[in-house]
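The values are calculated or read from the model by the stated rules, or taken from the named source; none is laboratory data. Since we're looking at a predicted model, the values are computed, not measured. Cβ placement follows ideal geometry from the backbone for every residue including glycine, while neighbour counts extend to all protein chains displayed.
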Amino acid sequence: MATTINDLAGLAEHVRAADESPEMIGRRIYKDTNCGAWFVYSPPLNESYGSVLVGTIIEGSSTEPIVSPRRLYFPFNSDEFDKAIKELDEDGAICWEHVNACMPECSGDACGYLAHAGTEEVAVNQPPKETEEDSCEP
């Protein structure tokens, strides 16, 4: 059952991190994925909403990143987060196989797979729209 994750505390609880610090959440995500996913927290600025960015590197590749990172804006639901992590892990495994299968004969892309891999950030959800109640204007 999906739960709403409103902030770092909610995300820390969801991933079972030792505490709600970005470092501990990132460590838990890294350890729980085969691809060694990374995590970056962007705190809210002014009246905006914070977000998290998750991605992965592929050991042995000369092109970074080759798997598109995923951005989720608070609030998001746990299913969206879990799906983003699962996709990263699956894409990371595919890319790792392609990069490492043709080594050392090539620069890591003899099969041409990496030319089609994504490098642009993917927004999993959109930031909430400002309502009249949220507005600072009278």
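Table: residues versus (1) at pLDDT below 60; (2) within 10 Å of the chain's Cα centre (by Cα); (3) closer than 22 Å to Arg16 by Cβ.
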| position | (1), (2), (3) |
| --- | --- |
| Cys35 | no, no, yes |
| Glu47 | no, no, no |
| Arg70 | no, yes, yes |
| Ser78 | no, no, yes |
| His98 | no, no, no |
| Thr119 | yes, no, no |
| Val122 | no, yes, no |
| Cys136 | yes, no, no |
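Going by the conditions given, is Glu20 touching a Leu at 6+ places or on another chain (Cβ under 8 Å), modelled with pLDDT of 90 or more, within 18 Å of Ala123 (Cα to Cα) and surrounded by 13 or more Cβ atoms within 10 Å (Cβ to Cβ)? It is false that Glu20 is touching a Leu at 6+ places or on another chain (Cβ under 8 Å), modelled with pLDDT of 90 or more, within 18 Å of Ala123 (Cα to Cα) and surrounded by 13 or more Cβ atoms within 10 Å (Cβ to Cβ). Taking region 1-14, which residues are out of contact with any strand residue (DSSP E or B) (no Cβ under 9 Å at 6 or more places or on another chain) and free of Cβ contacts under 8 Å to residues at least 40 places away in the same chain? Answer for region 1-14, where residues must be out of contact with any strand residue (DSSP E or B) (no Cβ under 9 Å at 6 or more places or on another chain) and free of Cβ contacts under 8 Å to residues at least 40 places away in the same chain: Met1, Ala9, Ala12.
Each residue in region 23-59 was checked for being within 21 Å of Gln126 (Cα to Cα) and among the acidic types (Asp, Glu), and 1 pass.
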